[in-house]
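Here's the structure we're looking at; comments come further down.
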Amino acid sequence: MPEPTQTPNNPPSGDVDFVGIDDDSPANKCPAVLVVPGTGDVLQVGRRVTDPATLAQLGKHTSIADDEVAIWTPANLKPSVLKALTGDYEPGQDGPGEPTFEELLDGTERSVVHLEARDTYEPTDPAFVKWQQDGDTTYEWDSWIDLVGNAVTRGVRFRRLRIVSEPVSDYIRWEHAISYGNLKAGEELRWLPRHMAYDLPHPVADFFMYDQRLIAYNFTAGDGTDTGRMEYVADPRKILPIVGMFEMLWERGIPHDDYTPS
């Protein structure tokens with residue numbers, strides 16, 4: 001049987017070698033350069049060029065097929081690109097992987113907003129189970145207070161909005177009872193009954209938004225359990241509508257001290 005033909009649009013599957021990343025944007029799903037071992041093919045991860053004027057200029061020099069995109073590469077990534085092209089890199093290096101919440105928060109300068117719109121999260125949380133049994137509102141908040149408190153101290157505004165059904169679920173009632181930790185960390189917390197938000201658009205997934213430049217969507221299973229799946233959006237065209245949506249929801253939200261779960 002003849003060997004299958006390998007096309008340029010389908011590089012060999014398997015491992016890839018990490019070469020370099022844009023160190024100036026470590027918390028933004030950074031532009032990166034990688035190489036396919038054996039073939040030397042270069043792979044790039046970066047922001048897609050969407051500006052019509054720029055695409056028009058590119059079109060004067062080359063065509064962009066339906067299955068191709070133009071990728072913006074920051075100038076400080078040139079050394080990594082050169083290493084990838086010449087093969088002058090150290091094989092077996094690992095990239096930084098998916099950014100952690102701590103890394104994203106550390107790179108934030110002005111604001112974080114967090115939208116929660118489910119009525120149950122992690123139903124087997126030991127602290128929640130204990131509260132159901134005896135009403136204990138003790139919760140281990142120290143690490144969160146230190147983490148978020150440090151960000152707030154350096155000038156980051158941290159807002160959390162919870163959209164809830166009424167009558168509220170047991171989980172939301174418990175969350176409300178232990179929210180003293182959120183407030184102690186310096187968060188601004190509001191609650192928005194779902195019937196007060198019915199006419200306002202909002203995403204179907206919970207999210208964190210950092211400096212109005214990066215959105216990290218997180219997904220839960222039907223029972224509220226965290227799936228561990230995250231999706232990141234850095235396209236300004238997709239972020240701008242979310243900024244407006246959140247502000248409209250926030251305006252209707254009830255400050256924590258004024259909200260009593262029904």
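The values are calculated or read from the model by the stated rules, or taken from the named source; none is laboratory data. Nothing here was measured: the structure is a model prediction, and the numbers come from that model. Every residue, glycine among them, receives a Cβ derived from its backbone with ideal geometry; neighbour counts consider all protein chains shown. Accessible surface areas use protein heavy atoms only, side chains included; no ligands, DNA or RNA. Shrake-Rupley method; radii C 1.70, N 1.55, O 1.52, S 1.80 Å.
Filtered by the rule that a residue be surrounded by 15 or more Cβ atoms within 10 Å (Cβ to Cβ) and either of a type in the set (Asp, Glu) or within 20 Å of Asp211 (Cα to Cα) (or both), segment 131-144 gives a lone residue, Trp144. Among what's in segment 70-99 and is in contact with an Asp or Glu (Cβ under 9 Å, 6 or more places away or on another chain) and surrounded by fewer than 12 Cβ atoms within 10 Å (Cβ to Cβ), pick the residue that is nearest to Val168 (Cα to Cα). Looking at the filtered set, the residue picked out is Gln93.
Exactly one residue out of Asp51, Asp106, Asp67 is farther than 20 Å from Arg213 by Cα and open to solvent by 60 Å² or more (accessible area, probe 1.4 Å), and it is Asp67. Beta carbons closer than 7 Å, at least 6 apart along the sequence or on distinct chains, pair a first residue in segment 153-176 that is farther than 21 Å from Glu251 by Cα with a second that is assigned to a helix (DSSP H, G or I) for Asp170/Gln132; Tyr171/Phe128; Trp174/Phe128; Trp174/Trp131. Of all residues in segment 220-262, those that are in contact (Cβ under 8 Å) with a residue 12 or more places away in the chain, in a strand (DSSP E or B) and among the β-branched types (Val, Ile, Thr) total 3. Regarding segment 166-186, can at least one residue be identified that is at pLDDT 95 or above, assigned to a strand (DSSP E or B) and open to solvent by 80 Å² or more (accessible area, probe 1.4 Å)? Scanning segment 166-186 turns up no residue that is at pLDDT 95 or above, assigned to a strand (DSSP E or B) and open to solvent by 80 Å² or more (accessible area, probe 1.4 Å).
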